[in-house]
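The values are calculated or read from the model by the stated rules, or taken from the named source; none is laboratory data. Note that the structure is predicted; figures quoted are calculated from it, not measured. Every residue, glycine as well, gets a Cβ built from its backbone with ideal geometry; the counts of neighbours run over all protein chains shown. The area values use the complete protein model at the heavy-atom level, side chains included, leaving out ligands, DNA and RNA. Shrake-Rupley method; radii C 1.70, N 1.55, O 1.52, S 1.80 Å.
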Amino acid sequence: TIETYESLNLHTAESRLNAKWKTAVFANGSAYVGNVKRQAKSTFNGGGSWSSTTTDDPEYQDRILRSIPGQYDKFPEGPDYEFESSTSIDGDYIVKLETFADRMLVFKKYKLEILNITAATPTLEAEYVGLGLDGGYPVQAVSFGFGIAWMNSGGVYLYDGKNIES
């Protein structure tokens with residue numbers, strides 16, 4: 001049996017692995033991070049320090065990255081490990097990610113997206129305009145044993161894995 005770098009690590013040596021993020025959750029053996037900044041150069045081939053300009057190191061406020069299962073510090077490029085929010089051209093940005101009952105709640109500033117994360121690629125189940133964290137603070141949402149609760153200027157809400165109640 002011949003082992004290669006790619007078969008052992010599940011990514012190529014040229015892959016950009018570094019990322020900075022504003023919110024993260026763990027689910028299904030992987031880390032999910034949102035509102036990310038990617039290092040422009042690959043980690044191994046000439047990568048170096050982070051740049052302060054978005055031209056050199058671009059920011060993706062609507063992108064979610066998934067780590068390799070069991071390797072929580074690696075975020076390779078490609079469709080298996082990164083995906084855009086359902087409507088990435090709407091100008092809204094990810095404030096916080098939370099998980100409950102095989103669902104990921106993507107709290108943006110003005111809307112909430114609920115993704116099913118049981119499959120390799122998350123799928124959008126529902127989208128609610130006006131239920132985002134309009135204050136822009138991640139502390140407006142909290143996960144606990146019965147679901148996820150959050151508040152915004154419209155009220156206080158609870159997601160129990162099936163329904164959202166005000």
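A few points about this structure:
- Residues located in the range 39-81, provided they are closer than 10 Å to Asn18 by Cβ, under 20 Å from the mean Cα position of the chain (by Cα) and at pLDDT below 80: Gln39, Ala40, Asp57
- Criterion: open to solvent by 40 Å² or more (accessible area, probe 1.4 Å) and either more than 16 Å from Val25 (Cβ to Cβ) or charged (D, E, K, R) (or both) - qualifying residue of Ala120, Ala126: Ala120
- Restricting attention to the range 143-163, the residues that are touching a residue at least 40 places away in the same chain (Cβ under 8 Å) and closer than 16 Å to Lys96 by Cβ total 5.
- Only one of Asn9, Asn35 that is under 21 Å from Pro69 (Cβ atoms) and modelled with pLDDT of 65 or more: Asn9
- Residue pairs whose Cβ atoms lie under 9 Å apart, separated by 6 or more positions or on different chains, with the first residue in the range 122-134 and within 10 Å of Trp150 (Cβ to Cβ) and the second in a loop (DSSP other than H, G, I, E, B), are Leu131/Tyr110; Leu131/Gly154; Gly132/Asp92; Gly132/Lys109; Gly132/Tyr110; Leu133/Lys109; Leu133/Tyr110.
- Among the residues of the range 113-131, those identified as within 13 Å of the chain's Cα centre (by Cα) and under 21 Å from Gly155 (Cα atoms) are Glu113, Ile114.
- Per this entry, Val106 is not counted among residues that are open to solvent by 30 Å² or more (accessible area, probe 1.4 Å), in contact with a strand residue (DSSP E or B) (Cβ under 9 Å, 6 or more places away or on another chain) and at pLDDT 90 or above.
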